[in-house]
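The values are calculated or read from the model by the stated rules, or taken from the named source; none is laboratory data. The structure presented is a predicted model; accordingly, all values stated were derived computationally and were not measured. Cβ sites come from the backbone with ideal geometry, for glycine too, and all protein chains shown count toward neighbours. We work out accessible area using only protein heavy atoms, side chains counted, and drop any ligands, DNA or RNA first. Shrake-Rupley method; radii C 1.70, N 1.55, O 1.52, S 1.80 Å.
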Amino acid sequence: MEENISEKTGTTGTASKQTKTLEKGLNGFVTLFSTFFKIGAFTLGGGYAMIPLIESEVVDKHSWISKEEFLDLVAVAQSCPGVFAINISTFIGYKLRRHRGALCAAMGTGLPSFLIILLIALFFHRFMEVKWIAAMFNGIRPAVVALIAVPTFNMAKTANINLTNCWIPVVSALLIWGMHVNPIFIIIAAGFGGFIYGKFLQDDNVNKKI
């Protein structure tokens, strides 16, 4: 029996759109594979550029997970080793159909890139010698920056970034960019800080209000 994943509220405590279960049987796997195959085939710029398209498909269109769950999965996928896009598709697939769903979603995401890169590798030098193809890639690069920037601002809204905690992403970005700190250390420090705040400081504030 398929597990119902409907939820009324997200992790932030705000009301969220009710989620739906995946179709039963083979049709569910076909839908899952085709959805992530489309995401993998039509997204340029790597894993982060996939975020708006993944959110559009799994949150807005199919309502498989809530927006708050999606934000949590982005954080977990970033924290784990491996390719970001494969990680997040694996988590979503597992949530919907366990191990087979995880395999189906991961294959759907990775297969288009594998096939396209294989073809480019075979004919790369011929491709880059064609001026209009080289010019097309030069035009794609600035657009990729926008594809990465948009989900960043959207996630900031969902994560309730405000004047009291906006220093966290700012300082983290400066440490990574200016001091070349490994992002893994930033993630570990942020997770530890969040644990300390939720375990001790937040409880103390609640107790004082009571």
Rounded FRET efficiency, nearest 0.05, which uses the C-beta distance separating K20 from L118 and R0 of 41 Å: 0.70
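Excluding ligands, DNA and RNA, what is the solvent-accessible area per residue of the stretch 46-192 at a probe of 1.4 Å, expressed in Å²? Display every interim value, and only then the final one.
Working: 9170 Å² over 147 residues.
Per-residue accessible area for the stretch 46-192 comes out at 62 Å².
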Shape of the stretch 66-168, Cα gyration tensor, a/c cut at 1.5: oblate
Projected label distance in nm at F42 and I196, using a 7 Å step from Cα toward the beta-carbon: 4.6
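Please give the contour-minus-distance gain from V144 to Y94: 0.36 nm per residue of separation, less the Cα-Cα distance, rounded to one decimal in nm. Working shown, then result.
Numbers: separation 50, 0.36 × 50 = 18.00 nm, distance 2.86 nm.
That works out to 15.1 nm of additional length.
Starting with the highest mean, order 113-126, 29-42 by the number of other Cβ atoms within 10 Å, averaged over the residues of each peptide.
Working: 113-126: 10.6, 29-42: 18.9.
Those peptides, ordered most packed to least, come out 29-42, 113-126.
Quick one: which of K38/K95; K24/K157; K61/K157; K38/K61; K95/K199; K157/K199 span more than 22 angstrom between C-alpha atoms? Before the final figure, lay out each step's value.
Numbers: K38/K95 20 Å; K24/K157 34 Å; K61/K157 20 Å; K38/K61 14 Å; K95/K199 27 Å; K157/K199 24 Å.
Exceeds cut-off: K24/K157; K95/K199; K157/K199.
Return the FRET efficiency for the residue pair W167, C80: r is the Cβ-Cβ distance, R0 is 22 Å, and the value is rounded to the nearest 0.05.
Step by step, r from the Cβ atoms, then E = 0.25.
Between L175 and N154, what length in nm is gained on full extension when 0.36 nm per residue of separation is reduced by their alpha carbon distance? Kindly include the intermediate steps, with their values, before the conclusion.
Numbers: separation 21, 0.36 × 21 = 7.56 nm, distance 2.22 nm.
That works out to 5.3 nm of additional length.
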